[in-house]
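Participant: Have a look at this one before I ask anything.
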Amino acid sequence: MKSGHLAKRVLNVTASPTVSLPDKARELRSKGITVIDLSEGQPHFDTPAPIKEAAKAALDAGFVFYVQSAGLPELRNEIKAKLLRDNGIDVPISQIMATVGAKQAIFTAMLCTINEGDEVLIPDPYWGSHASMVEVIGGRPISVPMRYEKGFAVDIEKLEELVTSKTKMVVLSSPHNPTGMIAPKDDLEAIADICKKNEILVLADEIYEKLVYDGVRHYSIGSMSGMEDLTITVNGFSKSHSMTGWRLGYVVAPKDIMDKMLIVQQHSVTHPTSFVQKAGVVALRDCAKYVDEMVQYYKKARDYFVPELNRLNYLHCEMPQSTFYAFPKITRPTTSAVLCDMLLEKAKVFAVPGSGFGKYGEGYVRFVYAQPMDTLKETIESLKKVS
Ligand code: PLP
C-alpha cells in the first residue's frame with residue numbers, strides 16, 4: 001500500500017496499548033474464547049441512574065440540536081462551582097469549556113500551545129496518549145523519571161535539569177495512570193516554582209481526582225499562587241462517574257489560550273453531544289453519593305487484589321493510593337512484553353506491559369482492578385498458574 005499520502009506527523013505514531021489490547025480481548029471474546037481483561041482503564045459499573053435519566057429526558061424533550069460551542073452555560077456553571085469547591089480554582093465560565101472527553105481537551109490544549117520542536121516534559125512511566133499527542137502535534141516528549149523506590153514520585157531535580165530554552169510544557173497526571181501514585185503538595189509546589197521561574201505551562205490531567213484512598217488529598221497545581229496564568233487543568237466524567245462511553249470532559253485555561261481553544265473546538269467537534277451535557281449537569285450536581293460508593297468499592301478491590309499480587313512469586317506491588325491501577329514490578333529477569341504474553345497464554349489474563357507507558361515503564365505491568373470481586377479472585381487463581 002502506498003504510504004506517500006500520509007502526513008509526516010503521523011508516520012511514527014504507534015497504537016495505544018491501552019486501547020488496542022482491550023480491542024484484542026473483545027475480538028477473542030466475540031469468537032467465544034474466555035479471557036479476563038484487566039487491560040482497559042475504565043470502571044466496571046453502570047453509569048448512575050440519575051445521569052442516564054437526565055440524558056433520556058433530554059432526548060425525549062427533543063434536545064438534539066447544536067448548542068453553545070463552549071458547552072451549555074448550566075454545565076459550565078456546575079463545573080465552575082465544582083472547580084471552586086474541590087480544587088480551589090476560581091475562574092469565570094468564559095475560561096471553562098466542555099469537551100469530548102478529557103482526551104479532546106488535552107489534544108486541543110496542546111494544539112493551541114505547542115510549536116514544532118517544542119519540548120514537553122512528561123513524568124515517565126506515563127499514559128501513552130500524553131506523549132503521542134505531543135508527537136502528532138510536532139513537539140518532543142521528554143521523559144522525566146519517576147522513581148519506584150520513592151513511591152513513583154517525580155524526580156524533581158531531574159525535571160529541573162531537563163528544562164531548556166525549548167521547554168514549553170510539563171504534563172502532570174495526578175492521581176497517576178499507570179502507577180496509582182498521587183503527587184504530594186510539596187512536590188507540586190516545587191514543580192510550580194520551576195514552571196514560574198522558566199515560564200513553562202503545566203497541563204494538569206486530573207481525571208482520576210476522585211479515586212483516592214487512605215485519606216490522601218488531591219491538590220490542583222492550578223490553584224497554587226502564580227499558577228493561574230500557566231496552568232491548563234483537564235478533567236472529565238469518564239472515571240469518576242463511570243461515563244467512559246459518553247465522551248464528556250472539560251478544561252479550564254488562561255484566557256488567551258481558552259479563546260483559541262474555543263475557536264479550534266468550533267472548527268473541529270463543535271461541542272460535546274448536547275444531551276450528554278444535560279446528563280453532565282446532573283452528574284456534577286446530584287451524584288456525589290454514587291461516586292463515593294464506587295470509590296469505596298475500588299478501595300475494597302485494591303485491598304484484596306494488591307496483597308494477592310504480592311503473594312505471587314514474580315510480582316511486587318507497593319500499595320497504590322489512588323486510581324484503579326496496580327503497577328507491580330516484575331521480580332524475575334524478563335521483559336514486560338514477554339511476561340504479558342505469558343499471562344495471556346497460561347492464565348488468559350490481559351494486562352498491559354509497562355513498556356507501553358514510556359521507557360521507565362519497562363519492568364512493570366499494569367492491571368486494572370475496577371472489576372467485580374469474582375473476576376479479581378478468578379484473576380488471582382489464574383495468575384497462580386504462571387509461577
Ligand atoms: N487522561 C488519563 C491520564 C487517562 O488515563 C485517560 C483514560 O485512560 C484519559 C485522560 C481519557 O479520559 P476521557 O475518557 O475523558 O477522554
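Participant: Please go through the range 252-285 and pick out each residue that is away from the ligand (no atom under 16 Å from the Cβ), assigned to a loop (DSSP other than H, G, I, E, B) and open to solvent by 10 Å² or more (accessible area, probe 1.4 Å).
Facilitator: The one that is away from the ligand (no atom under 16 Å from the Cβ), assigned to a loop (DSSP other than H, G, I, E, B) and open to solvent by 10 Å² or more (accessible area, probe 1.4 Å): T270.
Participant: Every residue in the range 286-314 that is free of Cβ contacts under 8 Å to residues at least 60 places away in the same chain and either assigned to a strand (DSSP E or B) or in contact with a His (Cβ under 7 Å, 6 or more places away or on another chain) (or both), please.
Facilitator: Within the range 286-314, N310 is the sole residue that qualifies.
Participant: Is it true that some residue in the range 319-341 is assigned to a helix (DSSP H, G or I) and over 22 Å from G128 (Cβ atoms)? Talk me through it step by step, then tell me what you get.
Facilitator: Of the range 319-341, the ones assigned to a helix (DSSP H, G or I) are 336-341.
With the extra rule that they be over 22 Å from G128 (Cβ atoms), the set shrinks to none.
No, the range 319-341 contains no residue that is assigned to a helix (DSSP H, G or I) and over 22 Å from G128 (Cβ atoms).
Participant: Select from the range 103-127 the residues that are open to solvent by 10 Å² or more (accessible area, probe 1.4 Å), under 23 Å from V269 (Cα atoms) and within 16 Å of the ligand (Cβ to nearest atom) and write down the one among them that is nearest to the chain's Cα centre (by Cα).
Facilitator: Among those that are open to solvent by 10 Å² or more (accessible area, probe 1.4 Å), under 23 Å from V269 (Cα atoms) and within 16 Å of the ligand (Cβ to nearest atom), it is K103.
Participant: Within the range 59-81, track down each residue that is surrounded by 19 or more Cβ atoms within 10 Å (Cβ to Cβ) and part of a loop (DSSP other than H, G, I, E, B).
Facilitator: V67, A70, G71, L72
Participant: Of all residues being in contact with a Pro (Cβ under 9 Å, 6 or more places away or on another chain) and of a type in the set (V, I, T) in the range 153-205, which is nearest to the ligand (Cβ to nearest atom)? Just the residue, please.
Facilitator: For the range 153-205, the residue satisfying everything is V171.
Participant: Tell me yes or no: at least one residue of the range 39-50 is surrounded by 10 or more Cβ atoms within 10 Å (Cβ to Cβ), over 27 Å from G361 (Cα atoms) and within 14 Å of the ligand (Cβ to nearest atom). Even if it seems obvious, please write down each step before you answer.
Facilitator: Step one: list which residues in the range 39-50 are surrounded by 10 or more Cβ atoms within 10 Å (Cβ to Cβ), which gives 39-45, 47-50.
Still in the list and also over 27 Å from G361 (Cα atoms): 45, 47-50.
From the residues that got through so far, the ones that are within 14 Å of the ligand (Cβ to nearest atom) too are 47.
There is at least one residue in the range 39-50 that is surrounded by 10 or more Cβ atoms within 10 Å (Cβ to Cβ), over 27 Å from G361 (Cα atoms) and within 14 Å of the ligand (Cβ to nearest atom).
Participant: Quick check on A370: is it in contact (Cβ under 8 Å) with a residue 24 or more places away in the chain, in contact with a strand residue (DSSP E or B) (Cβ under 8 Å, 6 or more places away or on another chain) and of a type in the set (A, V, I, L, M, F, W, C)?
Facilitator: Working: in contact (Cβ under 8 Å) with a residue 24 or more places away in the chain: yes; in contact with a strand residue (DSSP E or B) (Cβ under 8 Å, 6 or more places away or on another chain): no; of a type in the set (A, V, I, L, M, F, W, C): yes.
When the stated conditions are applied, A370 does not pass them.
Participant: Take the conditions in a helix (DSSP H, G or I) and either open to solvent by less than 40 Å² (accessible area, probe 1.4 Å) or in contact (Cβ under 8 Å) with a residue 60 or more places away in the chain (or both) and apply them to K56. Does it pass? Break it down stepwise before answering.
Facilitator: Details: in a helix (DSSP H, G or I): yes; either open to solvent by less than 40 Å² (accessible area, probe 1.4 Å) or in contact (Cβ under 8 Å) with a residue 60 or more places away in the chain (or both): no.
So K56 fails the test.
Participant: Only residues that are in contact with a helix residue (DSSP H, G or I) (Cβ under 8 Å, 6 or more places away or on another chain) and assigned to a helix (DSSP H, G or I): list them for the range 82-97, please.
Facilitator: Those that are in contact with a helix residue (DSSP H, G or I) (Cβ under 8 Å, 6 or more places away or on another chain) and assigned to a helix (DSSP H, G or I): K82, N87, I93, S94, Q95.
Participant: Follow-up question, since we're still on this one. For the range 366-386, enumerate the residues that are part of a loop (DSSP other than H, G, I, E, B), open to solvent by less than 10 Å² (accessible area, probe 1.4 Å) and not small (G, A, S).
Facilitator: In the first step, residues of the range 366-386 are kept if they are part of a loop (DSSP other than H, G, I, E, B); the result is 369-372, 385-386.
Checking which are open to solvent by less than 10 Å² (accessible area, probe 1.4 Å) leaves us with 369-370, 386.
Answer for the range 366-386, where residues must be part of a loop (DSSP other than H, G, I, E, B), open to solvent by less than 10 Å² (accessible area, probe 1.4 Å) and not small (G, A, S): Y369, V386.
Participant: Tell me which residues, restricted to the range 128-143, are assigned to a helix (DSSP H, G or I) and either open to solvent by less than 20 Å² (accessible area, probe 1.4 Å) or of a type outside the set (V, I, T) (or both). Steps first, please.
Facilitator: Applying the first criterion (assigned to a helix (DSSP H, G or I)) to the range 128-143 yields 128-137.
Result: G128, S129, H130, A131, S132, M133, V134, E135.
Participant: Another one. Would a scan of the range 197-204 turn up a residue that is open to solvent by 10 Å² or more (accessible area, probe 1.4 Å) and touching a Lys or Arg at 6+ places or on another chain (Cβ under 8 Å)?
Facilitator: In the first step, residues of the range 197-204 are kept if they are open to solvent by 10 Å² or more (accessible area, probe 1.4 Å); the result is 197-199, 201.
Of the ones still in play, those that are also touching a Lys or Arg at 6+ places or on another chain (Cβ under 8 Å) are 201.
Yes, there is a match, as at least one residue in the range 197-204 is open to solvent by 10 Å² or more (accessible area, probe 1.4 Å) and touching a Lys or Arg at 6+ places or on another chain (Cβ under 8 Å).
Participant: Kindly provide the set of residues from the range 18-53 that are assigned to a loop (DSSP other than H, G, I, E, B) and modelled with pLDDT under 90, ordered by number. Spell out the reasoning first.
Facilitator: Initially, the range 18-53 is screened for residues assigned to a loop (DSSP other than H, G, I, E, B), giving 31-35, 38-48.
Of everything in the range 18-53, those that are assigned to a loop (DSSP other than H, G, I, E, B) and modelled with pLDDT under 90 turn out to be K31, G32, I33, T34, V35, E40.
Participant: Can you name every residue in the range 221-246 that is within 15 Å of the ligand (Cβ to nearest atom) and either out of contact with any strand residue (DSSP E or B) (no Cβ under 9 Å at 6 or more places or on another chain) or of a type in the set (G, A, S) (or both)?
Facilitator: Residues satisfying the conditions are G236, S238, K239, S240, H241, S242, T244, G245, W246.
Participant: Continuing with the same structure: Would you check if E78 is acidic (D, E), in contact with a Lys or Arg (Cβ under 6 Å, 6 or more places away or on another chain) and away from the ligand (no atom under 16 Å from the Cβ)?
Facilitator: Numbers: acidic (D, E): yes; in contact with a Lys or Arg (Cβ under 6 Å, 6 or more places away or on another chain): yes; away from the ligand (no atom under 16 Å from the Cβ): yes.
It is true that E78 is acidic (D, E), in contact with a Lys or Arg (Cβ under 6 Å, 6 or more places away or on another chain) and away from the ligand (no atom under 16 Å from the Cβ).
Participant: Yes or no: the range 210-228 includes at least one residue that is of a type outside the set (D, E, K, R), on the phi > 0 side of the Ramachandran plot, at pLDDT 95 or above and surrounded by 20 or more Cβ atoms within 10 Å (Cβ to Cβ).
Facilitator: No, there is no match, as no residue in the range 210-228 is of a type outside the set (D, E, K, R), on the phi > 0 side of the Ramachandran plot, at pLDDT 95 or above and surrounded by 20 or more Cβ atoms within 10 Å (Cβ to Cβ).
The values are calculated or read from the model by the stated rules, or taken from the named source; none is laboratory data. In this text the structure is predicted, and so the values were computed from the model without any measurement. Virtual Cβ from ideal backbone geometry, glycine too; neighbours counted across all protein chains shown. We work out accessible area using only protein heavy atoms, side chains counted, and drop any ligands, DNA or RNA first. Shrake-Rupley method; radii C 1.70, N 1.55, O 1.52, S 1.80 Å.
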